[in-house]
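First comes the structure, then the notes that go with it.
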Amino acid sequence: MKTNRRDLLKLGVAAGAAALGPLRVGAQETSGPLMRSIPSSDVRIPAVGLGSWITFNVGDDPVLLASCADVMEAFFAAGGTVIDSSPMYGSSQATIGYGLEKLNRSDDVFAADKVWTRDSDAGASQLELSRSRWGVPDFDLAQVHNLLAWEPHLETLFAMKQAGSLLHVGITTSHGRRHGEMEAIMGSQPIDFVQLTYNPVDREAEERLLPMARERGIAVLVNRPFRGGSLADHLAREPLPDWATDIGASSWAQIILKYILSHSAVTCAIPATTRIDHVQENVRAASDPLPDEAMRQRIADHIRSV
Amino acid sequence: MNEWLSYRLSDFVMFSARVYERQIELYNREFAGLQILALCLAVTMIWICLRRPTLANRIVPVILGLGWLWVAWSFLWRRYAEINLLAEYAAIAFALEGAAFLVLALRKRGVAVQLPSASMSSLALAVIALPLFFYPLIAPLTGSPIAAAEFFLMTPDPTALGTLAILAFSGTRLRWLLMIAPTLWCALSAAMLWTLDLPSSRVLAAALPVVLILAVVRGLRRTSAASSP
Ligand SMILES: NC(=O)c1ccc[n+]([C@@H]2O[C@H](COP(=O)([O-])OP(=O)(O)OC[C@H]3O[C@@H](n4cnc5c(N)ncnc54)[C@H](OP(=O)(O)O)[C@@H]3O)[C@@H](O)[C@H]2O)c1
């Protein structure tokens, strides 16, 4: 029987799981994307993942399902593993399931999903439905989406983690919403992950949430790195600055992602895309060199000025 | 920060323009041929209204009722709900509207449509012809595949707009109630599709107030005619 990362983690062998890595290509960490450790489990994941809001909500359209699977194939081939979804994203979970089955990657993915229901008692059943859509044995991460009914849902998720059917527990927000409540939860609950919006324009998280995550050993997933695409679209009209080469960036998207990843509290950014070239470019951004403090300031100033 | 103020309409639109158009294409392919039937029904409806007004009182609500039920099940429930969480609720509203039309068909006066035949103004003509006959042209005229054409009695937007146009010429007092669901749908759909830059949203957004104003003006005229000595 194949022993994978999930089995080891369930047995509580975090170090062994970390050594095995989250994916096949994880074995060749030197040539793959930059990896980051999840503080609470020591599991290492690539620093750029894949979101699925809008981009993977394609219904039963065979043409678009196939093109999403192509994006996933390029993502895995580039060394990516972390995929994020939610029951709120229409058919995205089923699209991911389709891609994982087609590519035979169900054991390799770091599956991050969410609980999104007002019904306090429906968390476990919703997660089970989501799991069956993904076609994975378990989720690596389950997050309470937008803090909706977070108290009962966290209780459910912690119980699942305790029972070994879930590896990590988290909470999410976006667009800078409800940071005060996030902070309170981060300070009082033993969560493994937070997910929030962070990019060179939306920097509110730098004030309290990111420092707190670092302090308390909470991994950070970054959503909306391109502000839903509008930031990347806006910058596409601007010439790439000369200093982009100093940080090994060949596009605005890579400058943005490198800015995000250069914050020491950030574990992984999860841009969404419908394009193979974009997914490759995004995963490639998880590489050294990353901007230092002076360069970070320069990036933020420059982007704000355009 | 007031959390609700931080939301924009685009935050609720969970699919892309391409996905929406592809869903229409797949739907048209799945029910290929029904578009012709839908057009024939639209022609029949107008013909009956002009030539057999008494018959129209019952036939029009039957066609509209079946059309709304069909759109509710075949498009909103089975297809659109896959990519749009709101579509499930919309399907229920469309089904209720369809049922209401069918119940109305049982009444003697039905929806009492009176199209002003000879003197039909060009505005009135346009208001009716656009959703019933010209809506399918929007896709090919704006660079989308003809397969993505939307038909009255097949997809929700032209069905709701066409229903409003017909109700604008109806004499039944219940028309104001019957106009609620199509009005809400047109406004919601126009707003959603506008965020995706879909050309049909511009047409829908422009036509909706025109139809509503026409309905109000005709309503006022009818009231003043009834109260004149
Ligand atoms: N509350 C929450 O939990 C929450 C909220 C928001 C988001 N999220 C998660 O975070 C993920 C990311 O956020 P998002 O999807 O809203 O926004 P995003 O990742 O900032 O933007 C996605 C858009 O960026 C474009 N893009 C991607 N790579 C690009 C590149 N290399 N160059 C130029 N454009 C590029 C894509 O267009 P193309 O298709 O053309 O590449 C896509 O339309 C979501 O998919 C979701 O999984 C969670």
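Tallying residues that are more than 10 Å from chain A (Cβ to nearest Cβ) and either surrounded by 19 or more Cβ atoms within 10 Å (Cβ to Cβ) or within 11 Å of B:T155 (Cβ to Cβ) (or both) within region B:21-31 yields 5.
Filter region B:1-19 down to the residues that are among the aromatic types (F, W, Y), at the interface with another protein chain (Cβ under 10 Å from one of its Cβ atoms) and in contact (Cβ under 8 Å) with a residue 60 or more places away in the chain and list them by number. Of everything in region B:1-19, just one residue is among the aromatic types (F, W, Y), at the interface with another protein chain (Cβ under 10 Å from one of its Cβ atoms) and in contact (Cβ under 8 Å) with a residue 60 or more places away in the chain, namely B:F15. Screening A:E204, A:E238, A:E183 for residues that are away from chain B (no Cβ under 14 Å), acidic (D, E) and within 15 Å of the ligand (Cβ to nearest atom) leaves exactly one candidate, A:E238. Every listed requirement among (1) assigned to a helix (DSSP H, G or I); (2) within 15 Å of the ligand (Cβ to nearest atom); (3) within 14 Å of another protein chain (Cβ to nearest Cβ); (4) of a type outside the set (V, I, T) is met by A:N57 save one, (1).
Pick out the one residue from A:T95, A:T117 that is within 14 Å of chain B (Cβ to nearest Cβ), outside any loop (DSSP other than H, G, I, E, B), within 15 Å of the ligand (Cβ to nearest atom) and at pLDDT 95 or above. Just one listed residue meets the conditions, A:T95. Out of A:A286, A:A269, one residue alone is near the ligand (Cβ under 9 Å from one of its atoms) and closer than 30 Å to A:K114 by Cα. It is A:A269.
Whenever a residue of region A:85-110 is under 19 Å from A:N223 (Cβ atoms), its partners that are of a type in the set (F, W, Y) and more than 15 Å from the ligand (Cβ to nearest atom), lying with C-beta atoms within less than 9 angstrom and at least six residues away or across chains, give the pairs A:V109/A:F76. Reported count of residues in region A:60-92, each being near the ligand (Cβ under 9 Å from one of its atoms) and in a helix (DSSP H, G or I), is 2. Answer with yes or no whether B:G98 is over 25 Å from B:P140 (Cα atoms) and either out of contact with any Ser or Thr (no Cβ under 6 Å at 6 or more places or on another chain) or away from chain A (no Cβ under 14 Å) (or both). Here the answer is yes, as B:G98 does meet what is asked. If you go through region A:32-54 and keep only what is in a loop (DSSP other than H, G, I, E, B) and away from chain B (no Cβ under 14 Å), you end up with A:G32, A:P33, A:L34, A:I38, A:P39, A:S40, A:S41, A:D42, A:V43, A:A47, A:G49. B:L177 meets the stated requirement of being of a type outside the set (V, I, T) and surrounded by fewer than 15 Cβ atoms within 10 Å (Cβ to Cβ).
Each row is one residue, and each column tells you yes or no for (1) within 13 Å of the ligand (Cβ to nearest atom); (2) free of Cβ contacts under 8 Å to residues at least 24 places away in the same chain; (3) in contact with a Pro (Cβ under 7 Å, 6 or more places away or on another chain).
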| site | (1), (2), (3) |
| --- | --- |
| A:R224 | yes, no, no |
| A:A232 | yes, no, no |
| A:S250 | yes, no, no |
| A:I260 | yes, no, yes |
| A:S264 | no, no, no |
| A:D277 | yes, yes, no |
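Of the residues making up region A:75-88, not a single one is within 14 Å of chain B (Cβ to nearest Cβ) and out of contact with any strand residue (DSSP E or B) (no Cβ under 9 Å at 6 or more places or on another chain).
Exactly one residue among A:H153, A:H175 is within 16 Å of the ligand (Cβ to nearest atom), more than 18 Å from the chain's Cα centre (by Cα) and over 15 Å from A:S52 (Cα atoms), and that residue is A:H153. With respect to the stated conditions, A:L103 fails to be within 16 Å of the ligand (Cβ to nearest atom) and either surrounded by fewer than 20 Cβ atoms within 10 Å (Cβ to Cβ) or modelled with pLDDT of 95 or more (or both).
Of the helices (runs of 4 or more DSSP H) that lie entirely inside region B:120-229, those containing 1 or more residues that are modelled with pLDDT under 90 span B:122-129, B:199-227. Would you mind telling me which numbered condition in (1) among the hydroxyl-bearing types (S, T, Y); (2) over 19 Å from B:W185 (Cα atoms); (3) surrounded by fewer than 19 Cβ atoms within 10 Å (Cβ to Cβ) B:S74 fails? Here B:S74 meets the rest and fails (2).
The values are calculated or read from the model by the stated rules, or taken from the named source; none is laboratory data. Small disclaimer: the values here were computed from a predicted structure and weren't measured. When we count neighbours, we look across all protein chains shown, and the Cβ atoms used for this are built from the backbone with ideal geometry, even at glycine.
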